[in-house]
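Here's the structure, in structure tokens; my notes come after.
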Amino acid sequence: MFSLKPPRPTFRSYLLPPPQTDDKISSEPKIKKLEPVLLPGEIVVNEVNFVRKCIATDTSQYDLWGKLICSNFKISFITDDPMPLQKFHYRNLLLGEHDVPLTCIEQIVTVNDHKRKQKVLGPNQKLKFNPTELIIYCKDFRIVRFRFDESGPESAKKVCLAIAHYSQPTDLQLLFAFEYVGKKYHNSAHKINGIPSGDGGGGGGNGAGGGSSQKTPLFETYSDWDREIKRTGASGWRVCSVNEGYMISTWICNAITKSHPQRSDVYKSDLDKTLPNIQEVQAAFVKLKQLCVNEPFEETEEKWLSSLENTRWLEYVRAFLKHSAELVYMLESKHLSVVLQEEEGRDLSCCVASLVQVMLDPYFRTIIGFQSLIQKEWVMAGYQFLDRCNHLKRSEKESPLFLLFLDATWQLLEQYPAAFEFSETYLAVLYDSTRISLFGTFLFNSPHQRVKQSTEFAISKNIQLGDEKGLQFPSVWDWSLQFTAKDRTLFHNPFYIGKSTPCVHNGSVKSFKRTKKNYSSTLRGMPSALKNGIISDQELLPRRNSLILKPKPDPPQQTNSQNSDMEQYFREWFSKPVNLHAVILPRVSGTHIKLWKLCYFRWVPEAQISLGGSITAFHKLSLLADEVDVLSRTLRQQRSGPLEACYGELGQSRMYFRASGPHDTDTSGTPEFLSSSFPFSPVGNLCRRSILGTPLSKFLSGAKIWLSTETLANED
């Protein structure tokens, strides 16, 4: 029989088939498990996938896709997409690029575009609609926006409620620092109270620079206070343990009088009558924040100067600087002991006492000295960081006194850049650290509260304390926990002219004398009538919206002779060259008090100046300073011989921007571009321009910076 099989084909094609397009493949989302980086004691409480983080306000092409996570420490956005438009990021080792600490959240707003509803979420509140958008208003002026267009509606609702709940705790022991310390203690037998042994139990850490072994004194022990007395040469003082249990009375004016060498009367400064109270400072800060995050940008620019004046923030900064300078006169010229009086006793006095010491003692203008000053006059003096920073959402007690102190310090740094070892980046990062609920430095209202609360927590978690008085929390002064050694070099001020020995001797401020060898190259000449100085004729006239000359009940009276002597003191001081290693006094006229733009405008894209701002001078001077350091180290190495080369000194640099030289050719740390916001990046901050469905357009018209729960209570 014949076969029915078809004949085999005789044609063969030698052409390759067309390549398969990736359109179908690329349209499918990448399936990859995104996992957060968690600290010890940190747990994920809720999460949602397919979330879109908005980067630009006028387009969605730069938006990032990823997972939004809420933990007991932060909210974290995890993505594989590269950050667009951003060529440099100052990375915190504790936080990711898109992370926000829960204690940094000011307000949470949920939006539903379809129902055109929005609601401010508080703790233990219900959400009656499925959110399509989440807006996070941060205490550092950032605004972060997420979209849930592709997310599950119930998952989006749950993560919003979780963020609202965990960002507003009601109990101190619910803050993350307790879980962090407890977890680290249980997980390691070689650690003391959760901190690596040898670190001093959360001790001061090193200075800002990499390689520095000097520790910041915490003033929690006898030895810290004893070293401070020896540093100042106060031979007539001693340290005693009578107040170990916090039992001594603070009313010790007689003891202060007896301690003076001439037994002279003390000068009493009533701060409540001469300076704004904490409520006035808070009101000024709220107005300043409203001005900095207001939209639209063009309308804000039209009335910028008048709006800034109406906040009264700069006026209050000027008031604290002026009063502190007057107390410097009492100490340095009149040789009087000064007692600061206020009703609470640990708010205004902390700020004024610190500013006075910064002006008087050059040691406190170094990094280690400044940190020890904050530890001594703020932490150990019982400044209420817990309430004033509003970690537990007690808004009636919130007030940015510590930020005002940093702002006033920045004013001095701006006027005398060569007198300070630290930079304004250091001050800004220090302010940011108050919003991280990990460091015990800025977590409590007093050392007594820290001991009491940590002891109760240790008992509840079966943690054996031994001889320790409470858990030892990480110290903010251990900057290696937050930044690499390379990034910490940005804390150094290239203008600084250092001096190896302090100028305080035997506790006497009189020893601060200007000498020719320490004069700066700039003469601080005094215009006629002290026009730009501390006291001038124009300051005797009423100033619009001025707090200092505003009549208050029972103002402190000064005789004409006292005023005349003070004017003469300031006139003589400003007429001479400035000794950067002695007393420095601020110029407090309106032309010299400036807005701290790096702190308040770093997250505003429209305020960013590409290749401009003070960073350009900082960059050039850093290169010069590093070149001088390289030459100095090379000379020392040649004089010491080849054995010194093994020390590796030539590989170290205190500057972030390095000069190209025979031994130092590392330029990888230099970013591709500089801006006035450096080292921070405002990319992704949505504080400007109108966005449909968000509450941004209601800021200025509503006369409030944040939407109130009462205003939106009926909208859900």
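The values are calculated or read from the model by the stated rules, or taken from the named source; none is laboratory data. No experiment lies behind these values; they were computed from the predicted model shown. Counting neighbours? That spans all protein chains shown, and the Cβs are built from the backbone with ideal geometry, glycine included.
Assorted remarks:
- A single entry from L635, L624, L631, L611 fulfils the requirement of being at pLDDT 75 or above and within 30 Å of I136 (Cα to Cα): L611.
- Test: residue in region 457-471 that is of a type outside the set (S, T, N, Q), crowded, with 24+ Cβ neighbours inside 10 Å and over 21 Å from L404 (Cα atoms): yes
- Residue count for region 152-168, restricted to those that are under 16 Å from I43 (Cα atoms) and in a loop (DSSP other than H, G, I, E, B): 1
- Helices (runs of 4 or more DSSP H) fully within region 309-389 counting 2 or more residues that are touching a Leu at 6+ places or on another chain (Cβ under 7 Å) and either under 29 Å from P494 (Cα atoms) or among the hydroxyl-bearing types (S, T, Y) (or both): 313-332, 348-360
- In region 332-361, the residues that are among the hydrophobic types (A, V, I, L, M, F, W, C) and at pLDDT 95 or above: L348, C350, C351, V352, A353, L355, V356, V358, M359, L360
- Filter result (of a type in the set (D, E, K, R) and closer than 13 Å to P494 by Cβ) within region 615-634: K620, D626, E627, D629
- Among residues of region 223-242 that are closer than 23 Å to P362 by Cβ, those with a beta-carbon under 9 Å from a residue that is polar (S, T, N, Q) and part of a loop (DSSP other than H, G, I, E, B) at least six positions away or on a different chain give the pairs I229/S235; T232/N506; G233/N506; A234/N506; S235/N506; G236/N506.
- Per the listing K334, K376, the residue uniquely crowded, with 20+ Cβ neighbours inside 10 Å and either assigned by TED's automatic domain parsing to the domain that holds Y431 or farther than 20 Å from Y267 by Cβ (or both) is K376.
- Screening region 409-456 for residues that are hydroxyl-bearing (S, T, Y) and over 16 Å from D478 (Cα atoms) and picking the one that is surrounded by the fewest Cβ atoms within 10 Å (Cβ to Cβ) gives T455.
- Within the set R488, R450, the sole residue that is over 20 Å from L174 (Cβ atoms), basic (K, R) and either more than 29 Å from the chain's Cα centre (by Cα) or modelled with pLDDT of 90 or more (or both) turns out to be R488.
- Single match in F402, F364, F320, F385 (criterion: farther than 27 Å from P417 by Cα and modelled with pLDDT of 95 or more): F385
- If you go through region 372-416 and keep only what is hydroxyl-bearing (S, T, Y) and without any contact (Cβ under 8 Å) to a residue 24 or more places away in the chain, you end up with just S395.
Per-residue answers, yes or no, for (1) in contact with a Lys or Arg (Cβ under 7 Å, 6 or more places away or on another chain); (2) within 29 Å of F483 (Cβ to Cβ):
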site	(1), (2)
N112	no, no
Y137	no, yes
F141	yes, yes
F148	no, no
P153	no, no
C160	no, no
A164	no, no
